[in-house]
Amino acid sequence: MRRLRMGLIGGGPGAFIGPVHRIAAELDREIELVAGVFSSDPDRSRQAGDAYRIDPRRAYPDIETMLAREATRDDPIDFVTIASPNHHHLPAARLALEAGIAVISDKPATATLDEARALAQIVRQAGRPYGLTYTYCGYPLIREARARIAAGSLGVVRKVVVEYAQGWLATAVEGKQSAWRGDPAQAGVGGAIADIGVHAFHLAEFVTGSRVTRLLADLASVVPGRVLDDDCQLLLRFDNGARGALLASQIMTGERNSLRLRVYGETGALDWSQETPNSLTWRHGDGRTEILQTGDASLGDDARRATRTPGGHPEGYLEAFANLYRDFARQLRGEPGGLLPGIEDGLRGMALIDLAVTASREDAGWIDFEV
């Protein structure tokens, strides 16, 4: 079985997420990066191609050229990864899908909700696989939490609390990674809500299996001069009657990448933190506390499939990311299973951004969650 061939859009010199995509995609040796448009600057794209050690002829100046030239090869790309700023997501995905090429994209799906609706139509018409890298649903113990809640281990879910705290934007100092995220022309209408809030939102829905139906949003641009939000608080209501709270902030001084999910049911609770991802705390209603660990024999099929090393050998961000690529490879080969988020998840993430920004700006109070 040959390795699938990947074309990368974005990930040029100085990028963080592009190299992560490459490492994750290639971790299981099912996929190989062979081509890309790594920058809108052709010279920088060539430089990145050299750094990735691909054939210099396959470091292209633009997407149209890549798709046209790859189509003439005996060994063309099988899919593209979109790892560029948000405003590139729709045009890049459209070009690839209309050329019959599958797409896996960084989140959020697009820069605006209207763009996401347009993309959803393109995906349906193209009939090609489309995935989104909501990284944290790739962690083994997140998949275990999802399976246990679905099996009724907590009883009916009553309360969901998800927090995503970062401090890297606590000051006005801007760099390459922060500059485009603070620019509405590149990031879209949302700041922190689009960068990390959608991760928290997706995680809450993914693990509980429930959908948000109403929300109350309070977003702010705390650092002077910043246009888009950098601090967000949302209250949530779910379709099963549960209530929830979502915090997403990038101005919490001293925090690194503190994503934490707590789910409380009738008979127990689950607690997971991304900075200590190899343990999941299960609090039973009778007062017992159980610590589940990656690699435990008691874990279910989804968690075991997402685990690569024996217990006690820590797995983390890159392995979780790689699990999404492994799911995507299965889709491309027509194999069943996998938990990779798709366009419907992308639509819901974009609806969260749009609704939260508008409701907070208008001080609208509780509003219905409508995609």
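Quick note: the coordinates plus some simple rules give every number you see, no bench work behind them. No experiment lies behind these values; they were computed from the predicted model shown. When we count neighbours, we look across all protein chains shown, and the Cβ atoms used for this are built from the backbone with ideal geometry, even at glycine.
As a check on your grasp of the helix formula, calculate [θ] at 222 nm for the chain: sum -39500 (n - 2.57) over DSSP H runs of n ≥ 4, divide by the residue count, round to the nearest 500.
Result for the chain: -10000 deg cm²/dmol, rounded to the nearest 500.
Over all alpha-carbon pairs of region 27-134, lay out the pair-distance distribution in 5 Å bins, whole %, shortest bin first.
Percent of Cα pairs in each bin: 2, 12, 21, 25, 20, 13, 5, 1.
Roughly what angle does helix 42-52 make with the longest principal axis of the chain, taking Cα atoms, 0 to 90 degrees, to the nearest 10?
70
For a test of the definition: using alpha carbon positions, the gyration tensor, and the 1.5 limit on a/c, classify region 103-194 as rounded, prolate or oblate.
oblate
For region 66-72, take each phi angle, set θ = phi - 60°, evaluate the Karplus expression 6.51 cos²θ - 1.76 cosθ + 1.60, and give the result in whole Hz per residue in order, putting x for glycine and proline.
4, 5, 5, 6, 5, 5, 8
Please label the shape of region 221-300 as rounded, prolate or oblate, based on the square roots a ≥ b ≥ c of the eigenvalues of the alpha-carbon gyration tensor (a/c under 1.5 means rounded; beyond that, a/b larger than b/c means prolate, else oblate).
Oblate, since a/c reaches 1.5 and b/c is not below a/b.
Taking neighbour Cβ counts within 10 Å as the exposure measure, how do 333, 22, 158 sort from fewest upward?
Lowest count first: 333, 158, 22.
Quick one: Karplus J couplings for region 262-272, per residue in order, coefficients 6.51, -1.76, 1.60, θ = phi - 60°, nearest Hz, x for Gly and Pro?
With coefficients 6.51, -1.76 and 1.60, one gets 10, 10, 10, x, 5, 10, x, 8, 10, 9, 9 Hz.
With point charges of +1 on the Cβ of Lys and Arg and -1 on the Cβ of Asp and Glu, referenced to the Cα centre of the chain, which listed residue (112, 147, 223) lies farthest in the positive direction of the dipole?
147
Give me the dipole magnitude in Debye, nearest 20, for region 4-135 about the Cα centre, with unit charges on the beta carbon: positive for Lys and Arg, negative for Asp and Glu.
100
Using a cut-off of 15 Å between beta-carbons, work out the net charge of the residues near residue 158 (Lys and Arg +1, Asp and Glu -1, residue 158 not included).
+2
List every residue whose amide H lies under 5 Å from the amide H of residue 214, counting only residues 5 or more places away in sequence or on a different chain, with H placed 1.01 Å from N in the peptide plane.
Here the answer is 237, 369, since their amide H atoms fall under 5 Å of that of residue 214.
Relative to the longest principal axis of the C-alpha atoms of the chain, give the angle of the C-alpha long axis of helix 89-98, reported between 0 and 90° and rounded to the nearest 10°.
Once rounded, the angle reads 60 degrees.
Got a sec to turn the phi values of region 110-121 into Karplus ³J(HN,Hα) couplings, 6.51 cos²θ - 1.76 cosθ + 1.60 with θ = phi - 60°, whole Hz, x for Gly and Pro?
8, 8, 9, 5, 4, 5, 5, 5, 5, 5, 4, 5
Could you tell me how far the Cα centroid of region 2-52 sits from the Cα centroid of region 326-371, in Å?
25
To the nearest 20 Debye, how big is the dipole of region 254-371 about its Cα centre, given +1 on the beta carbon of each Lys and Arg and -1 on that of each Asp and Glu?
The dipole of region 254-371 has a size of about 500 debye.
Between 74, 218, 239, find the one with the highest GNM mean-square fluctuation for the chain; connect C-alpha pairs within less than 10 Å.
Maximum among the listed residues: 74.
Can you tell me which of 170, 93, 83 moves the most in a GNM of the chain? Springs connect C-alpha atoms under 10 Å apart.
Residue with maximal mean-square fluctuation among 170, 93, 83: 170.
Show me 324-331, 282-289 ranked by packing, highest mean number of other Cβ atoms within 10 Å first.
The densest-packed peptide leads the list: 324-331, 282-289.
What are the residues whose amide H is under 5 Å from the amide H of residue 31, where those residues sit 5 or more places off or on another chain and H is modelled from the backbone?
Sorted by chain and number, the residues that satisfy this are 4.
Which one of 358, 342, 332 is farthest out on the positive end of the charge dipole of region 325-371, using unit charges on Cβ (Lys, Arg +1; Asp, Glu -1) and the Cα centre as origin?
The residue sitting farthest along the positive end of the dipole is 332.
Using modelled backbone amide H atoms (1.01 Å from N, in-plane), which distant-in-sequence or interchain residues come within less than 5 Å of residue 105's amide H?
82, 131, 132, 133
With axes computed from alpha carbons, what is the tilt in degrees of helix 140-150 against the longest principal axis of the chain, rounded to the nearest 10 within 0 to 90?
Helix 140-150 sits roughly 50 degrees off the main axis of the chain.
Roughly how many nanometres apart are two label points built 7 Å out from the Cα toward the Cβ at residue 73 and residue 235?
Taking the two extended label points, one gets 5.4 nm.
In debye, nearest 20: dipole of the chain around its Cα centre with unit charges on the Cβ of K, R (+) and D, E (-)?
660
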